[in-house]
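The values are calculated or read from the model by the stated rules, or taken from the named source; none is laboratory data. If you're wondering where the values come from, they're calculated on a predicted model, not measured in any experiment. Positions of Cβ are backbone-derived with ideal geometry, glycine not excepted, and every protein chain shown enters the neighbour counts.
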Amino acid sequence: MADLPENLHYSEDHEWVADDNGVLRIGITEYAADQLGDIVYVTAPEEGQQVERGEPCGELESTKSVSDLICPVSGVVKSVNAGLVDDPGVINNDPYGEGWIFTVTPDEDDATEGLLDAAGYADHVG
């Protein structure tokens, strides 16, 4: 597995969270993208939608399977990566950059509490 960005928080469900000045940007990890295979379609939550930590909030369809996108935080969806409509494969190519899926305005200040750091996530996936 490639190096995990140290500045991100990780869920046991293989999502990552970046804190961009209080707005949380969310995507899936490189490990998850590799496990899924080539991603061909993404269903993300809609702007303005309330999402809940630990609950499905979208789907990722790959050449192998369809997997739920599990929200790692609770809050209101602020934006969705429109580029994924035309090129969902960017998640495979750049999961921690252009492959982000959506952003959330969190319900609480400590929204990332309980998520894993890079070392903890690396241990989790072995």
- May I ask you to say which residue of 77, 73 is touching a Lys or Arg at 6+ places or on another chain (Cβ under 7 Å), modelled with pLDDT of 95 or more and buried (at least 18 other Cβ atoms within 10 Å of the Cβ)? 73
- Query: Out of all the residues in region 41-52, which are surrounded by 13 or more Cβ atoms within 10 Å (Cβ to Cβ) and touching a residue at least 40 places away in the same chain (Cβ under 8 Å)?
  - Reply: 42, 44, 45, 51
- Considering only region 76-119, state which residues are closer than 15 Å to residue 5 by Cβ and among the hydroxyl-bearing types (Ser, Thr, Tyr). 96, 112
- Out of 20, 68, which single residue is exposed (fewer than 15 other Cβ atoms within 10 Å of the Cβ), within 18 Å of residue 95 (Cβ to Cβ) and in contact with a Pro (Cβ under 9 Å, 6 or more places away or on another chain)? 68
- Residue pairs qualifying under the 6 Å Cβ cut-off, at least six apart or on distinct chains, with the first in region 6-31 being of a type in the set (S, T, N, Q) and the second being not in a strand (DSSP E or B), are 11/72; 11/115; 29/14
- Query: Just for region 7-65: of the residues that are in a strand (DSSP E or B) and of a type in the set (Phe, Trp, Tyr), which one is nearest to residue 118 (Cα to Cα)?
  - Reply: 10
- Task: Report yes if residue 84 is part of a helix (DSSP H, G or I), farther than 18 Å from residue 123 by Cβ and at pLDDT 95 or above, otherwise no.
- Result: yes
- If you check residue 97 against the conditions, is it more than 15 Å from the chain's Cα centre (by Cα) and either polar (S, T, N, Q) or exposed (fewer than 13 other Cβ atoms within 10 Å of the Cβ) (or both)? no
- Kindly establish whether residue 103 is assigned to a loop (DSSP other than H, G, I, E, B) and of a type in the set (S, T, N, Q). no
- Message: Can you tell me how many residues within region 66-81 are assigned to a strand (DSSP E or B), within 15 Å of residue 14 (Cβ to Cβ) and in contact (Cβ under 8 Å) with a residue 24 or more places away in the chain?
- Response: 3
- Query: Checking residue 91 against (1) buried (at least 18 other Cβ atoms within 10 Å of the Cβ); (2) out of contact with any helix residue (DSSP H, G or I) (no Cβ under 6 Å at 6 or more places or on another chain); (3) not in a loop (DSSP other than H, G, I, E, B), which single condition isn't satisfied?
  - Reply: (2)
